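Chemist: Have a look at this one before I ask anything.
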Amino acid sequence: MARGCLQGVKYLMFAFNLLFWLGGCGVLGVGIWLAATQGSFATLSSSFPSLSAANLLIVTGTFVMAIGFVGCMGALKENKCLLLTFFLLLLLVFLLEATIAVLFFAYTDKIDRYAQQDLKKGLHLYGTQGNVGLTNAWSIIQTDFRCCGVSNYTDWFEVYNATRVPDSCCLEFSDSCGLHAPGTWWKAPCYETVKSWLQENLLAVGIFGLCTALVQILGLTFAMTMYCQVVKADTYCA
């Protein structure tokens, strides 16, 4: 009976971790593609230049693949050490995510102030050599969200030391349109515009976070259940 339960949990856990591993492969693939085609895509921070969308996806995908591989091997081999390693790694990730979420909501105002200051510093890297990712990211954000600058379009005046903005700030794009009058530019601040968009889509973000947490809890349950079953089976055989 114990052996039958062990086999059932084994195949369930293997299927779960196989999907987990494949998901990691997909995330890693997207990250590598972004890095190869877009450079340091979505790098906005001057303090953390390596904190780009491409790098985050590569690191996340690699880590998810590693955890999924450990889980798959632990399930196939019914190895207590691998199962316990998988459980501890997944638990560590879960606790880290929970801690970050709590700190984020506890220090929202401070994070807002720091983020705006850091983004304004990053504007000075716009269009400079070796900062293609940051330049592309700002161009996409200002075009898609119809905004200009971090807190105001005048943020760009300090960058250029002149009354001008990037062409991506223009209501109607054309070459050198950023040299025209302010009446031809977007007036909305990008930081508040993007923040409002995130708040409007908070339900989707919350559902994604909840699904992620449930998947992790399911993985923890599978790992601990199988670990206990292996221990029982070893004890029974002994």
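The values are calculated or read from the model by the stated rules, or taken from the named source; none is laboratory data. This is a predicted model, so every value here is computed, not measured. Heads up, the Cβs are rebuilt from the backbone with ideal geometry, glycines too, and the neighbour counts pull from every protein chain shown. Surface areas here come from the heavy atoms of the whole protein model, side chains and all, with no ligands, DNA or RNA. Shrake-Rupley method; radii C 1.70, N 1.55, O 1.52, S 1.80 Å.
Chemist: Among the residues of segment 208-215, are any modelled with pLDDT of 90 or more, β-branched (Val, Ile, Thr) and open to solvent by less than 50 Å² (accessible area, probe 1.4 Å)? Break it down into steps so the answer makes sense when it comes.
Modeler: First, the residues of segment 208-215 that are modelled with pLDDT of 90 or more: none.
Checking segment 208-215: not a single residue is modelled with pLDDT of 90 or more, β-branched (Val, Ile, Thr) and open to solvent by less than 50 Å² (accessible area, probe 1.4 Å).
Chemist: Also, I was wondering about something else. Do the conditions hold for ASP144, that is, is it of a type in the set (Asp, Glu) and in contact (Cβ under 8 Å) with a residue 12 or more places away in the chain?
Modeler: Taking the combined requirement at face value, the residue does not satisfy it.
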